[in-house]
1. Return the sequence-ordered ³J(HN,Hα) values of the range 63-74 in whole Hz as given by the Karplus equation 6.51 cos²θ - 1.76 cosθ + 1.60 applied to θ = phi - 60°, using x for Gly and Pro.
2. Starting from the Cα of R69, step 7 Å along the direction of its Cβ; do the same at R48; then give the gap between the two resulting points in nm.
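All of the numbers you see were taken from the coordinates with simple rules; none came from a lab. Treat the numbers as computed from the prediction; the structure is a model and nothing was measured. Reconstructed Cβ throughout: ideal geometry from the backbone, glycine too, with neighbour counts over all protein chains shown.
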Amino acid sequence: MDGLVIGVLLFVAALFFLKFLARNRTRTAPADPLQYRRRPALFTAAERSFAGVLDQVLDGRHRAYGKVRVADLIEPLPGKDRRSGKKPSTASAPSISISSSATAATWCPSS
């Protein structure tokens, strides 16, 4: 008889524990997840033109790659940056990486 009472008490305690976990899991979930939108183009028309000219100049001996950040691919929807209370920064320094099988270099123009 004592084993049955202990078993029922353990079962009830387990139910309360699971209910507590389920309730806390819903509380910690973000109420409004940040939403992002894709930027229309990775490079501007001038940057694409410059990359084409640079590829012609390099003549297949080297390859030029554009440096890409996540911020270059996506941006938060307007009014969604709640941490700082201001619009996200859009300033970035362009850079070009040139590599061959032997060397690699990065060029960043000074502003």
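1. 10, 9, 10, x, 7, 10, 9, 4, 5, 7, 9, 9
2. The two pseudo-label positions are separated by 2.3 nm.
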